[in-house]
Amino acid sequence: MRDAICLMKFGKKEFLGRWFAARMVSWASANGVETGGYDCIVSVPMHPVKMRERGFDQSQVIAREIARLSGAAYAAGVIRRKRAGAVQSTLSKRDRLENVRNAFGVVRPEAVKGCRVLLVDDIFTTGATAEECARALIAAGARSVDVFVAARGVEKWN
């Protein structure tokens, strides 16, 4: 999984995002999770500078495909990264929490007000990014936020 995610993100293999989404929807269906039951699907946003460097946002690719496969609406541009931070994978858990604190803002609150939102990301390690995004969505009026990720990271403890 790690190699596939790294290949997608850093090897610019955008098609792998669609592959991950298909596997995620299949897993959800097999485990009684209805991905089409959400009012909207939102992806964890990438900072615009990183987006220009990479050429695509892997979480957005995954989220759009999940929406297409499940028949749910993809809500583009709802949440934005307000500031760039250090690369999360290089930080300790405490530093990750601080790195993303208040880093996200909802720019289209009308798209999530009263909605059950499915927040999609590629990897979940400490949960700092997902928690901050969910906090922003709830503050903007989302009724609930569930998080769906392609992989769960493993933290290293030295």
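Please treat every number below as a calculation from the coordinates, not as lab data. Note that the coordinates shown come from a computational prediction; the quantities given were computed from them, not determined experimentally. Cβ sites come from the backbone with ideal geometry, for glycine too, and all protein chains shown count toward neighbours.
Tabulated values for the structure
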{"read-out": "Lysine pairs meeting the criterion (Cα under 14 Å, 8 or more apart or interchain), as found in the chain", "value": "4"}
{"read-out": "³J(HN,Hα) computed for each position of segment 73-78 - Karplus, 6.51 cos²θ - 1.76 cosθ + 1.60, integer Hz, glycine/proline x", "value": "7, 8, 9, 6, x, 6"}
{"read-out": "Whole-Hz ³J(HN,Hα) from phi, Karplus 6.51 cos²θ - 1.76 cosθ + 1.60, for segment 137-150, glycine and proline x", "value": "5, 5, 4, 7, x, 4, 5, 7, 9, 10, 10, 9, 10, 6"}
{"read-out": "From phi via Karplus (6.51, -1.76, 1.60), per-residue ³J(HN,Hα) for segment 31-38 in Hz, x at Gly/Pro", "value": "10, x, 9, 9, 5, x, x, 9"}
{"read-out": "For the chain, built as a Gaussian network whose Cα springs stay under 10 Å, the top-fluctuating residue of Ser144, Ser43, Ser59", "value": "Ser144"}
{"read-out": "Unit charges on C-beta of K, R, D, E only; dipole of segment 2-152, Debye", "value": "380"}
{"read-out": "Relative exposure of Arg2, Arg81, judged by other C-beta atoms within 10 Å (fewest first)", "value": "Arg2, Arg81"}
{"read-out": "Charge sum, other residues only, whose C-beta stays under 13 Å from Met51's C-beta, Lys/Arg counted +1 and Asp/Glu -1", "value": "+4"}
{"read-out": "Relative contact order [Cα under 8 Å, 6+ residues apart], the chain, whole percent", "value": "24"}
{"read-out": "Separation in nanometres of the label points that stand 7 Å from Cα toward Cβ, at Arg152 and Ala4", "value": "1.7"}
{"read-out": "Inter-label distance for Met51 and Ala22, nm, one decimal - labels placed 7 Å from Cα along Cα-to-Cβ", "value": "2.7"}
{"read-out": "Amide H within-cut-off set for Phe124, under 5 Å, with H built and near neighbours excluded", "value": "Ala151, Arg152, Gly153"}
{"read-out": "Packing-based exposure ordering (other Cβ within 10 Å, fewest first) of Met1, Met51, Met8, Met46", "value": "Met1, Met51, Met46, Met8"}
